[in-house]
Amino acid sequence: MKKGLTLVLTLVLVSVMAFASTALAADKTLTIMGVWGGHERDAFEKVIETFETATGIDVQFEGTRDLPTLLTTRLEAGNPPDIVALPNPGNMKELAAEGHLVDLRKVLDMDTLREDYGQTWIDLGSYNDGLYGIFISADVKSLVWYNPKQFEAKGYDIPKTWDEMERLMNNMVAKGDIPWSIGLESGAASGWPGTDWIEDIMLRTAGPEVYDQWVNHDIPWTDERVKKAFEIFGKIARNPKFTWGGPTAVLATNFGDAANPLFTNPPQAYMHRQASFITGFITDNNPDLVAGKDYNCFILPPINEEVGTPVLGAADMMGMINDTPEARAFMRYLASPGAQMVWIGAVGSKIGINKRIDLNVYSSELMKNIAKGLREADVFRFDGSDLMPKAVGSGAFWQGVMDYVGGQDLDSVLEHIESVADDAYDSGKTTD
């Protein structure tokens, strides 16, 4: 472990010093806007501090939970930040189309980037033959969390297929146990955890090509394949035998608290589907739990054997607005394994993108295994709702999930989303 940590620190130092020559004077500054707050902001500040120490550049970070609105205001006023943490690829494409983002092909060594990054990540950051965003970390979403001690005590096995998953759920119910804990509440963003479920199911039933068609609205929301994904989710989320507290609790439980029922004595539920970032919530709410021993995860099993087991995820993405030497230096730094090791080592629940990241930076064997799984995934797809126009992805889709779980007719829900999608896509907008 000491050897691994020494390598981590060495790579960080080399990465930062490679950009030190760009500091032209001690009073050079760089402005960055992002959504991070709390622990994540503290972690990103460590990334900034390392860069500042090596270069002498003063980095000023501005955090906001309403980044799209504030960024639009700043762009209109002519004083945007130099660098921005982009909410999603859809937002990146809109800003690039409007000419606000710098093509990073002019900034980064593309040969090095292709060696360090999988092609999927380069494609996700590209628009019209240009590269306008780089990813610094990811959240793997296709994960089911469980309590290993309770699984062993009850004789429950990890399912490898959806048929085995269904048998496990029925076995749990027969023993008087509740299979799932689900929480869809997230303030104004309520519903998004349900969209992740449906996206994962779409990938596992219809496959990645149809998934892409759905995201791009090349097939309608009323398509039978979309309806099937909702129905599979509904068989769980709308069933009081399968979910802790039934649909009422599903709608009212905050996503950050939804894993808690797995760790009560006795457990109120036995499984929770959520992204890798949930480890932060689990340990904050249950500080005595040990990763891998008291909580663990497995990949959501395949449903259609022909499709296999794709990985769904989201990621932290950075774009450059002002082309300055300081901004160029920081973007090169962010793409390096050193910067990403500082970030993921400090935040604790993120997976790095650069393939040269030393796995010893991860806080546990559990996170190492998740990182390996992401690297080895044959198929990766970005969170679909984040790629859709805002009116659809974070509007009608989020609300449609809440309405469906609340008991509304599925055909009516899908018809409404389709009507919103018709207007949003036909208008040519990419994020609203």
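Using helices alone, what [θ] at 222 nm do you get for the chain, with -39,500 (n - 2.57) per DSSP H run of 4 or more residues, divided over all residues and rounded to the nearest 500? Don't jump to the answer; show the numbers that get you there.
Working: 19 runs with 201 residues, N = 432.
Only helices count here, giving -14000 deg cm²/dmol.
Expressed in nm to one decimal, what extension gain is obtained for the pair A77 and Q213 from 0.36 nm per residue of sequence separation less their Cα-Cα distance? Show your work: numbers first, answer last.
On the way: separation 136, 0.36 × 136 = 48.96 nm, distance 3.72 nm.
This chain segment gains 45.2 nm when fully extended.
Tell me which of L359, V413, P81 sits at the most positive position along the dipole axis of the chain, charges placed on C-beta atoms (Lys, Arg +1; Asp, Glu -1).
L359
My understanding is that a pair violates if its Cα-Cα distance is over 30 Å; which of K160/K372; K154/K235; K175/K350; K160/K368 do that in this structure? Don't skip to the answer; put the middle values down first.
Details: K160/K372 18 Å; K154/K235 24 Å; K175/K350 36 Å; K160/K368 21 Å.
Distance filter (> 30 Å) returns K175/K350.
With every atom except the alpha carbons ignored, what do you get for Rg and Dmax of region 143-309, in angstroms?
For region 143-309, the Cα-based Rg and Dmax read 15.8, 48 Å.
Can you list the residues of region 382-406 with backbone N under 20 Å from a point 7 Å past the Cα of H416, pointing along Cα to Cβ?
Answer for region 382-406: 385-386, 388-406.
Given the Cα-Cα distance of N304 and S427 and 0.36 nm per residue of separation, how much length would full extension add, in nm?
On the way: separation 123, 0.36 × 123 = 44.28 nm, distance 3.49 nm.
Answer, rounded to one decimal: 40.8 nm.
Based on DSSP, what percent of beta bridges with both residues in the chain are antiparallel, to the nearest 5? Don't skip to the answer; put the middle values down first.
Working: 21 of 37 bridges.
Just about 55 percent of them are antiparallel.
May I ask for the net charge around G130, where only other residues with Cβ less than 11 Å from the Cβ of G130 are counted and Lys, Arg are +1 while Asp, Glu are -1? Spell out each step's value before the answer.
Numbers: positive: K93, R105, K106; negative: D103, D129.
Charge balance near G130 sits at +1.
What does DSSP give for region 143-309 in terms of the percent of beta bridges that are antiparallel, rounded to the nearest 5? Intermediate results must be reported in sequence, preceding the final value.
Values: 7 of 12 bridges.
Around 60 percent of the beta bridges assigned by DSSP in region 143-309 are antiparallel ones.
Measure out, as a whole number of angstrom, how far apart the alpha-carbon centroids of region 132-201 and region 24-81 sit.
A separation of 35 Å, based on Cα centres.
Using only Cα atoms and rounding to the nearest 10 degrees, what angle (0 to 90) does helix 67-77 make with the longest principal axis of the chain?
30
Taking the radius of gyration and the Kirkwood hydrodynamic radius from Cα positions alone, what is the Rg/Rh ratio for region 97-202, to two decimal places?
On the way: Rg = 21.1 Å, Rh = 18.1 Å.
Taking Rh as the inverse mean 1/r over Cα pairs, Rg/Rh reads 1.16.
Each label point is 7 Å from the Cα along the Cα-to-Cβ direction; what then is the distance between the points at D66 and A252, in nm?
2.9
A short reminder: the numbers here are calculations on the coordinates, not readings from a lab. Remember, predicted model here, so these are calculated numbers, not experimental data. Positions of Cβ are generated from backbone atoms using ideal geometry, with glycine treated the same way; all protein chains shown enter the neighbour counts.
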